[in-house]
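Trainee: Would you mind keeping the following structure in view while I ask a few things?
The values are calculated or read from the model by the stated rules, or taken from the named source; none is laboratory data. Nothing here was measured: the structure is a model prediction, and the numbers come from that model. Don't worry about glycine lacking a Cβ; one is built from the backbone with ideal geometry, like all the others, and counts go over all protein chains shown. Heads up: the accessible areas ignore ligands, DNA and RNA and are worked out on the full protein's heavy atoms, side chains in. Shrake-Rupley method; radii C 1.70, N 1.55, O 1.52, S 1.80 Å.
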Amino acid sequence: MLGWWQKISLKGQFMLATALGAMVTAFCVVIIVGWFQSRQIEEKLHDFSANELQSLQALVISTMNRRPGDTQNVAIGVFNDWFERRNTDYPGKLWSVWGIKTTAYMRTRDYSRAPKIPKDAIDEEALRTGQPVGRFLDGAYRYSLPIVFGVTPGADGKNCVMCHGQLMGVKKGEVIAVFSSSLSTSADFAALRRFILLVMSRAILVAAVAITFIWVVFERLVSQPLTMVTGAMIALARGKKLLHQKDEAIKYQSLIKKESDHRLLN
């Protein structure tokens, strides 16, 4: 199975091993850089989404605190206008999801109003667990922030307790609503792919330069001296063989001469 390897010269074996090592190293560098950059993109999108939804939560709390004395629903109107405009300016989408008891209560109040139901599995997970959820999904970064009654800052105020606790029957620890965000990742990952291609091309270039340098060093410091030593040893071996053959010829001629002289004397 390794016959092909044994047929290659020492120089060829060394260069193949060196080339393979250099390419594996370059490939590992590209993988590590790609993973690191991908993590940075995820962290950036997570922080952006979390800050946006926390700002939305603060606006909702401010709006709800003004509802008792706001008979004309001015605060709600301002919030709705902001929400509509924000979705126009936002580099993605924002929406909210009602909790289970909030949905049940709103159905008894206004049948004509469509309930705000979960749009995907991330909304459902946040609604079920009461924990923020963020991850990539279908070419976008999705983040859902649950508002937990009595736990989330602002969800334990007097107006919130009166509305959700007394009217809707929400218990402490239950989710009132979920605020959600979706950001497209196409531009970020397109830039990442370009960056990885650049890193890969440079890594291959560096590997090629390193292989060439090693080849030159091996040729001058190992291959050429080894060839010279091998040639000298071969020449020495041939010289010894010729000398041995010459000695044998002289001995043979001496024996013939002795035998000839012996015959003449007799």
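Trainee: Go through (1) farther than 30 Å from W35 by Cβ; (2) without any contact (Cβ under 8 Å) to a residue 12 or more places away in the chain one by one and return the number of the condition M168 breaks.
Mentor: If we test M168 against (1) farther than 30 Å from W35 by Cβ; (2) without any contact (Cβ under 8 Å) to a residue 12 or more places away in the chain, just (2) comes out false.
Trainee: Going by what's in this entry, would A191 be described as among the small types (G, A, S), at pLDDT below 65 and open to solvent by 40 Å² or more (accessible area, probe 1.4 Å)?
Mentor: Here the answer is no, as A191 does not meet what is asked.
Trainee: Of a type outside the set (D, E) and either within 30 Å of G21 (Cα to Cα) or open to solvent by 60 Å² or more (accessible area, probe 1.4 Å) (or both): is that true of S182 in this structure?
Mentor: Considered against the rule, which asks whether it is of a type outside the set (D, E) and either within 30 Å of G21 (Cα to Cα) or open to solvent by 60 Å² or more (accessible area, probe 1.4 Å) (or both), S182 comes out as no.
Trainee: Sort out which residues of the stretch 108-148 are under 33 Å from the mean Cα position of the chain (by Cα), open to solvent by 50 Å² or more (accessible area, probe 1.4 Å) and small (G, A, S), and write them in order of number.
Mentor: Once the filter is applied, which keeps residues that are under 33 Å from the mean Cα position of the chain (by Cα), open to solvent by 50 Å² or more (accessible area, probe 1.4 Å) and small (G, A, S), the stretch 108-148 yields A121, G139.
Trainee: How many residues are in contact (Cβ under 8 Å) with a residue 24 or more places away in the chain and over 19 Å from K171 (Cα atoms) when one looks only at the stretch 138-157?
Mentor: Of the residues in that region, 6 qualify.
Trainee: Out of A207, A232, A237, which single residue is surrounded by 13 or more Cβ atoms within 10 Å (Cβ to Cβ), out of contact with any His (no Cβ under 9 Å at 6 or more places or on another chain) and modelled with pLDDT under 85?
Mentor: A207
Trainee: If you scan the stretch 164-176, which residues turn out to be modelled with pLDDT of 90 or more and buried (at least 16 other Cβ atoms within 10 Å of the Cβ)?
Mentor: Within the stretch 164-176, E174, V175, I176 qualify.
Trainee: Separate question: Just to be sure I understand the filter: pairs with C-beta atoms under 8 Å, separated by 6 or more residues or on different chains, first member in the stretch 62-90 and among the hydroxyl-bearing types (S, T, Y), second member open to solvent by less than 40 Å² (accessible area, probe 1.4 Å) and modelled with pLDDT under 65. Which pairs pass?
Mentor: S62/A75; T63/A75
Trainee: How do the pairs read when you match residues in the stretch 191-220 that are among the hydroxyl-bearing types (S, T, Y) with residues anywhere that are at pLDDT 85 or above and open to solvent by 70 Å² or more (accessible area, probe 1.4 Å), using Cβ under 7 Å and keeping only pairs 6 or more apart or on different chains?
Mentor: Nothing qualifies.
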